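*Asks:* Provided herewith is a single structure, encoded as structure tokens, for subsequent inquiry.
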Amino acid sequence: MEQTMKGYLFRLLNHEELSREEMKTILIGITQSEYPNEQITALLTALQMRGVTVDELLGFRDGILETGVPAILDCDRYIDVVGTGGDRKNTFNISTTACFVIAGAGYKVAKHGNYAATSVSGASNVIQHHGIKFTDDIDRLNRSLNEAGIVYLHAQLFARAMKFVGPIRKALQFPTIFNLLGPIVNPSQPKCQLLGVANLDQMRLYNNVYQKLGIDYGIVNSIDGYDEISLTGPFKVTTKQYERIFQPQDLGFEIAKPEELVGGASEEEAARIFDSVLENRALPAQKNIVLANAAFGIQVLERGEKDIDECIEIARESIDSGAALRTFRKFVELNS
């Protein structure tokens, strides 16, 4: 196998692209410890310097899903709301909060997440802070989805391949192809996804990825660099149906101040903001940001057939009626 990796590296040094199947083979080889760390390091560096192609990203995705633990959910249509991370804005848990608002509105959600990489509190941090025990037990996962409308899939229990590259990624200290994989390796493989990206290059990449996967999707980016709809200024949305730049005013929202989005200096502070939104006592800006992100998620689930104003009202009703909070409490009861 080493000889094969040598061939792959020569091709990359020659600015050639690897196929989806070749990348899947490499990923499986990594999980079988077939390559020395030096070769994996060279591979990741070469891909990063040239820029990852859609097929290369999909090949690694295929390998991670094949070598990981599947989460087969007994529901056909549900959404994951996730950000690529890495915008270094340390916002509160906007995607995770939006997931409970969507579930509170009667839709199904399978949230895939992990501990924080660049912020104080990631999805897994805020979920665990409330006493949730992570599991890969499929019966427990399906019970949560059926009874609470939402299930949480903690990435480390499912993507076994990641532990093989953990030390290398840590040593490299720059983003690699693995940083792009998080949003597309949900082990339940949802047919709907709302993804927040930190820049327009990533938006183009994932737009092509989702088109190849054939799922319903929305990709959002705030022009000032947030990997979600921040309402701090204009933001771009790309879906199967349209591509458009919105202003906060287009949705009836005021412009938010960056300091109103901050997740705080500790996990406790981030959890308090999360709770305050679901309990409908957050700052107006915090509530509006969650409503905006939840609304675009609902629009994806509705295949673009509802206009965004209607989706905002559905999300608003979920918070105002207490449905989002009841959903969260049921989720905690089932998963603690």
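*Asks:* Please find the FRET efficiency linking Val332 to Asp139, where r is the Cβ-Cβ separation and R0 is fixed at 22 Å, and quote it to the nearest 0.05. Walk me through the intermediate numbers first.
*Replies:* On the way: r = 18 Å, r/R0 = 0.84.
For R0 = 22 Å, the calculated efficiency reads 0.75.
*Asks:* Moving on. Evaluate the distance, in nm, between pseudo-label points positioned 7 Å from the Cα of Gln249 and of Arg11 along their respective Cα→Cβ axes.
*Replies:* Roughly 5.3 nm, to one decimal.
*Asks:* Then there is this: Return the subset of Lys170/Lys287; Lys287/Lys330; Lys191/Lys287 for which the Cα-Cα distance in this structure is over 30 Å, preserving the input order.
*Replies:* The answer is Lys170/Lys287.
*Asks:* What is the spin-label model distance, in nm, from Ala265 to Val69 if the labels are put 7 Å beyond Cα along the C-beta direction?
*Replies:* Taking the two extended label points, one gets 3.7 nm.
*Asks:* Put +1 on the Cβ of each Lys and Arg and -1 on the Cβ of each Asp and Glu in the chain; which of Pro258, Asn93, Leu141 then has its Cα farthest toward the positive end of the dipole?
*Replies:* Farthest along the dipole direction, towards plus: Leu141.
*Asks:* OK, next. Which value, in debye to the nearest 20, describes the size of the charge dipole of the chain about its Cα centre when Lys and Arg Cβ atoms bear +1, Asp and Glu Cβ atoms bear -1, and nothing else is charged?
*Replies:* With only Lys, Arg, Asp and Glu charged at Cβ, the dipole is about 420 debye.
*Asks:* Same structure, new question: Report the calculated FRET efficiency for Asp224 and Glu310 (r = Cβ-Cβ distance, R0 = 25 Å), to the nearest 0.05.
*Replies:* Working: r = 27 Å, r/R0 = 1.09.
The formula returns an efficiency of 0.35 here.
*Asks:* What is the local net charge at Gly304, summed over the other residues whose Cβ is closer than 15 Å to its Cβ (Lys, Arg +1; Asp, Glu -1)? Mind dumping the intermediate values first?
*Replies:* Numbers: positive: Arg77, Lys191, Lys240, Arg244, Arg303, Lys306; negative: Asp216, Glu243, Glu302, Glu305, Asp307, Asp309, Glu310.
Result for the neighbourhood of Gly304: -1.
*Asks:* Okay, next question. Within the set of other residues whose C-beta is less than 11 Å from the C-beta of Asp250, count the net charge using Lys and Arg as +1 and Asp and Glu as -1. Please list the in-between numbers first.
*Replies:* Details: positive: Arg244; negative: Asp309.
Once positives and negatives cancel, what remains is 0.
*Asks:* For Leu153, enumerate residues with amide H under 5 Å from its amide H, sequence gap 5+ or separate chain, H modeled in the peptide plane.
*Replies:* Amide H neighbours of Leu153: Lys111, His112, Gly113.
*Asks:* Just want to confirm a number: the relative contact order over the chain, from Cα pairs under 8 angstrom separated by 6+ residues, in percent.
*Replies:* 22 percent
*Asks:* Among Thr31, Gly83, Leu44, flag the residue with its Cα farthest along the positive direction of the charge dipole of region 1-124, charges on Cβ as +1 for Lys/Arg and -1 for Asp/Glu.
*Replies:* Sorting the options by dipole projection puts first Gly83.
*Asks:* Hey, another quick one. Taking every DSSP beta bridge that has both residues in the chain, what percent is antiparallel when rounded to the nearest 5?
*Replies:* Bridges in the chain are about 40 percent antiparallel.
*Asks:* Computed from the coordinates I sent, Cα extents along the principal axes in Å equals one of [x] 50, 46, 39; [y] 70, 51, 32; [z] 62, 41, 39. Tell me the label.
*Replies:* Matching entry in [x] 50, 46, 39; [y] 70, 51, 32; [z] 62, 41, 39: [z].
*Asks:* Another question, if that's okay. Gain in length, Glu38 to Lys170, computed as 0.36 nm per residue apart minus the alpha-carbon separation, to one decimal in nm?
*Replies:* Stretched out fully, the Glu38 to Lys170 stretch lengthens by 46.1 nm.
*Asks:* Okay, next question. State the Cα centre-to-centre distance between region 281-328 and region 197-269 in whole Å.
*Replies:* 15 Å
Every number here is computed from the coordinates shown, using simple stated rules; none is lab data. Source: prediction; values computed, not measured. Reconstructed Cβ throughout: ideal geometry from the backbone, glycine too, with neighbour counts over all protein chains shown.
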